[in-house]
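The values are calculated or read from the model by the stated rules, or taken from the named source; none is laboratory data. Since the structure is predicted, the reported quantities are computational estimates derived from the model, not experimental observations. So basically every Cβ, Gly included, is an ideal-geometry build from the backbone, and we count neighbours across all protein chains shown.
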Amino acid sequence: MHVSKILANQLGSALLLFGFAAVPVFASGIVSCPPVPATTSDFITPYVGAGNGCSAPDGTFQDFSVGDAYNQTINGTTFGSSGTVPDVTSGQIFLTTGPSNPKSIEIFSPGPNYYPGGPNPGHNFPTNYCHGDTGSEGWCVNGADQYLTSQITFQSVFNFPVTEFGFSGAAYGSTFGKPTALLFLEVCPGTLTFSQGCSGYQVLEAGINNSNIGSVSFGIVASFAATNEVASRETVLLSTVNDKSDSWAAMGNLDLIDAPEPATMVLTASVLLMLGLIRLRKTA
């Protein structure tokens, strides 16, 4: 469960003991992200460039840039010079609130899900077909000797200082052929400009690496001094290049994890308690 949601629920329970409900304290102008899309007609697109993105009660998420990671090196992994499937474009990256936590955002992609051995060889599947998991959401490649990278860079501006930033999700793959499905998370705290040379740079990695494990759930979180600003880059790597049969690899939805600074939570609780006491005095 989202850390800030746990704290908020605990705070709400404590306030109800005093006979009044918690009053949400959000910055003015914050609006909700759209609901989790049920079809491809509901996504936000193209949301690339300044001012694009969305806001949720946790903060504002903006300046999304979508591309690939070919010829880059991240966390000691050097990516190939090209892929075997079309690049994932901004119109194929979805930004929504998380299905279980409307306080934060979720990122996922429905394509391109190239399946050379499927019913229509050489075609992309708009319904997000993934061999062995036909209803999978997320990034996916099908068939032997496939290689895909997808990279998203964006800014997070939180309403309250945070001390953690990360993502939870799950990586999937066939139980044969040793597929790879990895997420690389790079974080620059205290700035809205991402670079691998930024102050406080951190990189984390999770997923399936050349393994027949089948699936793995993960949560990767960078910790740092309290700040309202975080620049980050998320890179998905999918590969079945070691396979000689019809394997597949997929990365599921990525749900943002952020934790407010403890002092901020204490201050917020104090303000809410004071408001409650004032209300009780007026009704006494």
(message) Show the residue pairs meeting these rules: Cβ distance below 7 Å; 6+ apart or different chains; first residue within region 170-187 and free of Cβ contacts under 8 Å to residues at least 40 places away in the same chain; second residue assigned to a loop (DSSP other than H, G, I, E, B).
(response) Thr175/Asn212; Thr175/Gly214
(message) Could you check region 188-217 and list, in sequence order, the residues that are surrounded by fewer than 17 Cβ atoms within 10 Å (Cβ to Cβ) and aromatic (Phe, Trp, Tyr)?
(response) Tyr201
(request) Would you be able to say whether some residue in region 144-160 is of a type in the set (Gly, Ala, Ser), under 20 Å from Leu182 (Cα atoms), at pLDDT 50 or above and touching an Asp or Glu at 6+ places or on another chain (Cβ under 6 Å)? (result) yes
(request) For region 143-166, name all the residues that are farther than 22 Å from Phe184 by Cβ and touching a strand residue (DSSP E or B) at 6+ places or on another chain (Cβ under 8 Å). (result) Gly143, Val157, Phe158, Asn159, Phe160, Pro161
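One line per residue, one yes/no per condition, for (1) at pLDDT below 85; (2) among the aromatic types (Phe, Trp, Tyr):
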residue	(1), (2)
Tyr47	yes, yes
Asn52	yes, no
Gln72	no, no
Phe79	no, yes
Ser90	yes, no
Thr96	yes, no
Ser104	yes, no
(message) I'm trying to understand the selection: among the residues of region 216-257, which are in a strand (DSSP E or B) and within 18 Å of Phe79 (Cα to Cα)?
(response) Arg233, Glu234, Thr235, Val236, Leu237, Leu238, Ser239, Ala249, Ala250, Met251
(message) Go through (1) of a type outside the set (A, V, I, L, M); (2) modelled with pLDDT of 65 or more; (3) over 18 Å from Met251 (Cβ atoms); (4) surrounded by fewer than 19 Cβ atoms within 10 Å (Cβ to Cβ) for Phe20 and report which single condition fails.
(response) (2)
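Conditions tested, residue by residue: (1) free of Cβ contacts under 8 Å to residues at least 60 places away in the same chain; (2) touching a strand residue (DSSP E or B) at 6+ places or on another chain (Cβ under 8 Å); (3) at negative phi; (4) of a type in the set (D, E, K, R).
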residue: Ser199; (1), (2), (3), (4): yes, yes, yes, no
residue: Gln202; (1), (2), (3), (4): yes, yes, yes, no
residue: Gly207; (1), (2), (3), (4): yes, yes, no, no
residue: Ser211; (1), (2), (3), (4): yes, yes, yes, no
residue: Gly214; (1), (2), (3), (4): yes, yes, no, no
residue: Ser232; (1), (2), (3), (4): no, yes, yes, no
residue: Asp246; (1), (2), (3), (4): no, yes, yes, yes
residue: Asn253; (1), (2), (3), (4): no, yes, yes, no
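Taking only region 178-215 into account, find how many residues are assigned to a loop (DSSP other than H, G, I, E, B) and among the aliphatic types (A, V, I, L, M).
2
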